[in-house]
Amino acid sequence: MRTAPTSTYRLQIRGEFGFDDVAEIAGYLDRLGVSHAYLSPILQAAPGSAHGYDVVDHDQLSADAGGLPGFQRMITALRRHGLLAIADIVPNHMAVPTPLRLNAALWAVLRDGPDSEFARWFDVDWSVSANAILMPVLGNRIGQVLRDGQLSVDRTGAEPVLRYFDHEFPIRPGTDELPLPDLLARQWYRLAWWRVADDELNYRRFFDVDTLAAVRVEDPVVFDATHTLIEQLILDGSLTGLRIDHPDGLADPRAYLRQLAAATDGTWVAVEKILEGDEALPADWACAGTTGYDALNRIGGLFVDPAGSTPLSTVLDHFTGGAPTVDEVVESSKRLVIEHILTTEVRRLVDLLQAICNADLDLRDHTRRALGESVTELLVAMDRYRAYVVPGESAPEESRTTLARAAAIAREKLPEESQDTLDVVTDLILDGRAAGKDQRRAEFVIRFQQACGPVMAKGVEDTTFYRWHRLISLNEVGAEPGVFGVTPEEFHAYASRLARDWPGTMTTLSTHDTKRSEDARAQLAGLAELPLEWANAVRHWHELGAKHRSPDGWPDPETEYLFWQTVVATFSPGTSPASAQTYRDRITEYLSKATREAKLHTSWTSPDPDYDQAVEAYATAVLADPAVLQAVAAFCAELAEPTRVAVLGQKLLQLTMPGVADVYQGTEIVDRSLVDPDNRRPVDYGRRSRLLTLLDDDRSTLQTLAELPAADRLDAEKLLVTSRALRLRREHPDWFVGGGYVPVATSAGNAIAFGRGPAGPAGPVGPAGPGRTPRAAGPGFGADQATVIAVATRLPVALARYGGWGEHTVTLPPGDWTDLLTGRQVAGSSCRLADLLSDLPVALLKRTLGP
């Protein structure tokens, strides 16, 4: 495998911020200390795409971002500053765009049907009536659309097309002269009302997004056609690594990653794999690790006080009038998704099961109803995005354990007469060897696993997380909201496993998909230490805001409780009148998205305009009420120190723990963003550059910080931590990516510390595999070998209640150490935390002289 990046800086490439814009900040990124620019998808996407995951042409770089000329200028500028680039790629799906002809492959399939050379690209069920691909784009039922004259044949172009407002569709050769009803009946696609999609869609899609059609990259021809340009950019050195979007959606993620490794000479690859609980990344995947959600949640958990769990549960119950458990919400949300959103995916699974059973005399008496119930209950009970069973191979032990756990839960929900059917379905999923000999069984094994991810994502991340609000900073991708806090011992065990097994994995705190940015979560973490103060504050705010409620009493308690936590998460002291309207717009837009995702009173497909308007009006009025804002500001002032501790502490730990550290655009200073599109707002690089220049002058860093306006101080402190840690990583990459890791003892649980350094030939052991480099065996890494030590404060409110650091210490290895953040010189052995952390709640110690 090629060399892993030392660190990455994630950039959202789009029309408003293209390749030339990246070139302009290359010097700043160099000064910041990163090694690689990390580019969101760079291939040609649908017109005006805000994210790039809706690719329409795999052979072209994004024209909106500057095309090939702009890309080459960007690479030249990056190289001039010693920087390299990696990119995000999307193998699972591509866009069904408007106009449709932009996706030439899909256009050809709609025109020529299953005989098209591109038919193998898309996962279409051609067994439906008339072999027609459903195109659910109409604003009304097809009969009404015809009666209203909204469909017409346009012969003005190179080929005749069928038009419906902005939509155009190819016409099957030889049918363009038919009367319109007959013409429609003869096409390889079926135009339909958009509401038909969830019930009758017959192509696999990305989750529930009809405009993102799944691509069959398991076909070698399709893989080659969709990866040629990316392979060229890797092999010519323009790109030196890849991030793989949603590998769990593929037919065989392991096979895909092996093929990718072979095609790219083993380039560094991170996969967007959501690991649940104690789940481990499959050791036989040809990648360096995940994109870092597992690290994000463990780092953030260190700054959440477990003692706040019960009090915050009580506050939630009192505010909402009694809240269900998170497990109950997860179950009901998954059922909603299965029954109303992923209907066609589940029906296809049941069709396969029925065909399998009808072909086997022993299985013939298992009814369609029982098969459907069994599949539904298994999907509800699955607590993973995938089971990792490969047709033709025995199921791994972990897969068997996962399915057994799900089956045990499902069994409790099924009637007695369906118990045998559940056993049949479970056995079919796990019998990989038998599936390798039967095409339908193999298809069922693959499709069941491809359905698990959408049920998890839509049921948990995109429904439960918008319904259950005990502490919303825990409602994060890959997190378990019911798990409250992470101990230092748990973090050390996790980081040690990364150093041993996945030394080149990515770590992160914010991404384009996080529900809230790292600093929004940090500001909320303080609620766990101040639950009584929070209870009093939110009750007071509720009373102040009562006059702004609608005549019908909206918003509902659950939405209001989410609203108040959202205000705390995003509240920035000293907001100017000029920015107040922008802030109100951000919050109301977020609430519009959140309430639709919750699907309780409104939704994307069945909006309730009265409810939507009432919630928006309430939020707007409350955020313009001086009494409310004054009360919120007073409470957030109490959160200032816990927020500072979490902001700086989690950033230092993320940038120094094992793995490739990623910084999301703009988060080198404090950023209180919400989920997209809020986290895609333009970044003020001018301000960040000016702050960095101040921190880099010849004066004392502490003096510079002290002279800054209060509004800039935490920004500058975070930029100091980020830049010094990134620069140290770049100077000594072997200390951090593949380096050793060792916990460093502290006498107080309110401090966490660990050592890093070159592992050498006696480093920890890691699994080998295609595209991966095995680690050398040896006796391990000890504290005396550490060349850098990170120290961070946690749970400062509890610390203050205990009287502060007092005589508590951190035990440093022998030698002389320099804190790269303050310049303080520290001798080895027992060091008082009160002295070490007197100016900042974190320290980054570099060994300057050995023992």
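The values are calculated or read from the model by the stated rules, or taken from the named source; none is laboratory data. Only a predicted model underlies this, so the values are computations on that prediction, with no experimental measurement involved. Note that each Cβ is placed from the backbone with ideal geometry, even for glycine, and that neighbours are counted across all protein chains shown. We work out accessible area using only protein heavy atoms, side chains counted, and drop any ligands, DNA or RNA first. Shrake-Rupley method; radii C 1.70, N 1.55, O 1.52, S 1.80 Å.
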With the checklist (1) open to solvent by less than 20 Å² (accessible area, probe 1.4 Å); (2) under 23 Å from ARG688 (Cβ atoms); (3) in contact with a strand residue (DSSP E or B) (Cβ under 7 Å, 6 or more places away or on another chain); (4) among the hydrophobic types (A, V, I, L, M, F, W, C) in hand, flag the one item ILE42 doesn't pass. (2)
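Those residues that are in a loop (DSSP other than H, G, I, E, B) and either at pLDDT below 95 or not β-branched (Val, Ile, Thr) (or both), I need them from the range 247-277; list them, please. Explain how you work it out, then say what you get.
Residues of the range 247-277 in a loop (DSSP other than H, G, I, E, B): 250-252, 264-267, 272-277.
If the condition is that a residue be in a loop (DSSP other than H, G, I, E, B) and either at pLDDT below 95 or not β-branched (Val, Ile, Thr) (or both), then LEU250, ALA251, ASP252, ASP265, GLY266, GLU272, LYS273, LEU275, GLU276, GLY277 are the ones that fit.
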Residue list for the range 128-160, restricted to those being within 39 Å of the chain's Cα centre (by Cα) and in a loop (DSSP other than H, G, I, E, B): VAL128, ALA132, GLY139, ASN140, ARG141
Any idea which residue in the range 225-254 is farthest from the chain's Cα centre (by Cα), counting only those that are open to solvent by 10 Å² or more (accessible area, probe 1.4 Å) and farther than 30 Å from LEU83 by Cβ? ALA225
Might you let me know whether the range 161-180 holds any residue that is part of a helix (DSSP H, G or I) and either crowded, with 16+ Cβ neighbours inside 10 Å or in contact (Cβ under 8 Å) with a residue 40 or more places away in the chain (or both)? no
Between a residue in the range 200-228 that is within 18 Å of GLU443 (Cα to Cα) and at pLDDT 90 or above and any residue that is part of a helix (DSSP H, G or I) and open to solvent by 30 Å² or more (accessible area, probe 1.4 Å), which pairs come within a Cβ distance under 8 Å, given they are 6 or more apart or on different chains? ARG204/GLU345; ARG216/ARG120; GLU218/ALA255; ASP219/ARG120; PRO220/GLN259
In the range 181-195, anything within 33 Å of the chain's Cα centre (by Cα) and either free of Cβ contacts under 8 Å to residues at least 40 places away in the same chain or crowded, with 16+ Cβ neighbours inside 10 Å (or both) is listed as ALA192, TRP193
Condition broken by ALA158, with the remaining ones in (1) among the small types (Gly, Ala, Ser); (2) open to solvent by 60 Å² or more (accessible area, probe 1.4 Å); (3) touching a strand residue (DSSP E or B) at 6+ places or on another chain (Cβ under 7 Å) satisfied: (3)
Which of the numbered conditions does THR426 fail, given that it passes all the others? Conditions: (1) polar (S, T, N, Q); (2) over 31 Å from the mean Cα position of the chain (by Cα); (3) open to solvent by less than 50 Å² (accessible area, probe 1.4 Å). (2)
Taking helices (runs of 4 or more DSSP H) that do not extend beyond the range 509-604, which have at least 3 residues that are open to solvent by 10 Å² or more (accessible area, probe 1.4 Å) and under 30 Å from THR667 (Cα atoms)? 531-545, 577-598
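So for the range 439-448 (the condition being open to solvent by 10 Å² or more (accessible area, probe 1.4 Å), touching an Asp or Glu at 6+ places or on another chain (Cβ under 6 Å), under 18 Å from VAL337 (Cα atoms) and part of a helix (DSSP H, G or I)), does at least one residue qualify? Break it down stepwise before answering.
Taking the range 439-448 first, the residues open to solvent by 10 Å² or more (accessible area, probe 1.4 Å) are 439-443, 446-447.
Pick out the ones that are also touching an Asp or Glu at 6+ places or on another chain (Cβ under 6 Å) and you get none.
Checked the range 439-448: no residue is open to solvent by 10 Å² or more (accessible area, probe 1.4 Å), touching an Asp or Glu at 6+ places or on another chain (Cβ under 6 Å), under 18 Å from VAL337 (Cα atoms) and part of a helix (DSSP H, G or I).
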Restricting to the range 11-21, and then to whatever is more than 19 Å from ILE234 (Cβ to Cβ) and within 19 Å of the chain's Cα centre (by Cα), can you tell me which residue is surrounded by the most Cβ atoms within 10 Å (Cβ to Cβ)? GLN12
Of LEU371, LEU403, LEU414, which residue is free of Cβ contacts under 8 Å to residues at least 60 places away in the same chain, among the aliphatic types (A, V, I, L, M) and open to solvent by 10 Å² or more (accessible area, probe 1.4 Å)? LEU414
I'm trying to understand the selection: among the residues of the range 305-328, which are buried (at least 20 other Cβ atoms within 10 Å of the Cβ), under 24 Å from ASP383 (Cα atoms) and not small (Gly, Ala, Ser)? VAL326
Pair list, Cβ under 7 Å, 6 or more apart: the range 46-68 residue over 16 Å from THR98 (Cα atoms), other residue of a type in the set (Ser, Thr, Tyr) and open to solvent by 30 Å² or more (accessible area, probe 1.4 Å): ASP59/THR228
